[in-house]
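Worksheet for the structure shown next.
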Amino acid sequence: MTAEYAAERAIETSQLAKTYPLSNGEAVHALRGIDLSIEQGEIYALLGPNGAGKTTAFAILTTLLAPTSGSARVAGHDVVRHPARVRRAIGVTFQEVILDQELTGRQILDFHGQLYGQPRPERNARIGELAELVELTAVLDRKAAGYSGGMKRRLELARGLMTRPQILFLDEPTQGLDPQNRAGIWRHIQRLRGETGLTLLLTTHYMEEADALADRVGIIDRGQLIVEGAPAELKRAMGADVVTLCGYGDAPAYLRLLEAEPYVSQAVEHSLTQSAVGDNEGVECDQWRLQIGVDSGDRRLARLLALAAEPGLHVSEVSVSRPSLADVFLAHTGRALRDS
């Protein structure tokens, strides 16, 4: 690692924006001035629903897309002025599995190393190291067509690491995997960071993935970074417990009453026309869903329900849970992670 890079953050953006003009004279603002600062050795997760802008940010940072305005530096290099330098410093795995099914795992890794000019002895040694790391040594000479979904994801992870990148970008690294294979990918990612100090930026829809892996998460919605922080910090800000009420009636009047309750850390209304989703998936909400952060759900529940009666609210469902990242997301955006 050069002294110049050692003084840089791994990833840094300033007012990064991407706009797509439409034929009717209007425009789609995919990114609206994103500021990111990711330290070397950090695992950072970008969360958000489809269409939020996280994939656009990913594409700009990996030099696949040019920004409309703002700037971005990756491994100390400007993504617009020096894209080739950025590409030499990063590894990337994409949301869709992209493997030549007729090649063996060894051939796929070897060809990738050749593309980057790695000498054969270096390629062979690196393939052996990575196959052991992602537990593919026994199947390395099988065609990729015979790999399971989890094995293909692990092979892609190994390919992204062939050139010893300073920063690894993972776009939805466990999409479509069952829980066992997902946990396996998490284990390999954690091991990577622990052994090499690699910086990782991942995009994901899975809250539990971000919670398990990330030092910090950023929640992006409608092209803006709306909140970021360590998962524990973001959940702690919600309160010790989250009381969820579903029903109908004058919710704004109830929220005004809650403002005077000292044990309430925050209260958010989500207007709904269908079942709530997230950690309370399946809870039917007639008109709204209220998330109330409190110091103790069991102790405060009776008071919360008594207050609900004052403006004549009809509460149809009640639940008490520990705060999750899904609760954090809903509190800041008011919609479910899988909205498009």
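The values are calculated or read from the model by the stated rules, or taken from the named source; none is laboratory data. All figures in this text were calculated on a predicted structure; none of them were measured in a lab. Glycine gets a Cβ as well: all are built from the backbone with ideal geometry, and neighbour counts include every protein chain shown.
Numbers below:
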{"item": "Residue within segment 192-199 that is assigned to a strand (DSSP E or B), of a type in the set (D, E, K, R) and either modelled with pLDDT of 95 or more or more than 15 Å from A45 (Cα to Cα) (or both) present", "result": "no"}
{"item": "Among (1) out of contact with any helix residue (DSSP H, G or I) (no Cβ under 8 Å at 6 or more places or on another chain); (2) among the aliphatic types (A, V, I, L, M); (3) part of a loop (DSSP other than H, G, I, E, B) - the single one A84 does not satisfy", "result": "(3)"}
{"item": "Residues within segment 168-191 that are aliphatic (A, V, I, L, M) and assigned to a strand (DSSP E or B), tallied", "result": "2"}
{"item": "Residue match in segment 161-168 (condition: among the aliphatic types (A, V, I, L, M), at pLDDT 95 or above and touching a strand residue (DSSP E or B) at 6+ places or on another chain (Cβ under 6 Å))", "result": "yes"}
{"item": "Inter-residue pairs, beta-carbon under 7 Å, first over 12 Å from A52 (Cα atoms) and outside the structural domain of R187 (by TED's automatic domain parsing) and in segment 212-226, second at pLDDT 95 or above and surrounded by 23 or more Cβ atoms within 10 Å (Cβ to Cβ), 6+ apart", "result": "none"}
{"item": "Unmet requirement for M162, which otherwise passes all of (1) in contact with a Phe, Trp or Tyr (Cβ under 9 Å, 6 or more places away or on another chain); (2) surrounded by fewer than 20 Cβ atoms within 10 Å (Cβ to Cβ)", "result": "(2)"}
{"item": "Every residue from segment 118-141 that is out of contact with any strand residue (DSSP E or B) (no Cβ under 6 Å at 6 or more places or on another chain) and in a loop (DSSP other than H, G, I, E, B)", "result": "Q118, P119, V134, E135, L136, L140"}
{"item": "Whichever residue in segment 236-247 is over 13 Å from L305 (Cα atoms) and at pLDDT 90 or above and, among such residues, is surrounded by the most Cβ atoms within 10 Å (Cβ to Cβ)", "result": "V242"}
{"item": "Filtered residue count, segment 104-114, keeping only those that are touching a residue at least 24 places away in the same chain (Cβ under 8 Å) and either among the small types (G, A, S) or in contact with a Lys or Arg (Cβ under 7 Å, 6 or more places away or on another chain) (or both)", "result": "6"}
{"item": "Residues being hydrophobic (A, V, I, L, M, F, W, C) and free of Cβ contacts under 8 Å to residues at least 40 places away in the same chain - total across segment 13-54", "result": "3"}
{"item": "Of residues in segment 200-235 being among the acidic types (D, E) and part of a strand (DSSP E or B), the one surrounded by the fewest Cβ atoms within 10 Å (Cβ to Cβ)", "result": "E228"}
{"item": "Close pairs (6 angstrom Cβ cut-off, 6 or more residues apart or separate chains): small (G, A, S) in segment 314-329, in a strand (DSSP E or B) anywhere", "result": "S316/C246; S316/G247; S319/T244; S321/V242"}
{"item": "Strands (runs of 3 or more DSSP E) (entirely within segment 8-48) containing at least 1 residues that are among the basic types (K, R) and modelled with pLDDT of 90 or more", "result": "11-21, 27-38"}
{"item": "Within segment 102-117, considering residues that are at pLDDT 95 or above and in a loop (DSSP other than H, G, I, E, B), the one nearest to F169 (Cα to Cα)", "result": "L103"}
{"item": "Selection count, segment 65-98, where residues are within 20 Å of G113 (Cα to Cα) and free of Cβ contacts under 8 Å to residues at least 60 places away in the same chain", "result": "7"}
{"item": "Criterion (under 30 Å from P49 (Cβ atoms) and among the small types (G, A, S)) met by exactly one of G91, G128, G194", "result": "G91"}
{"item": "Residue match in segment 56-70 (condition: more than 16 Å from the chain's Cα centre (by Cα) and in a strand (DSSP E or B))", "result": "yes"}
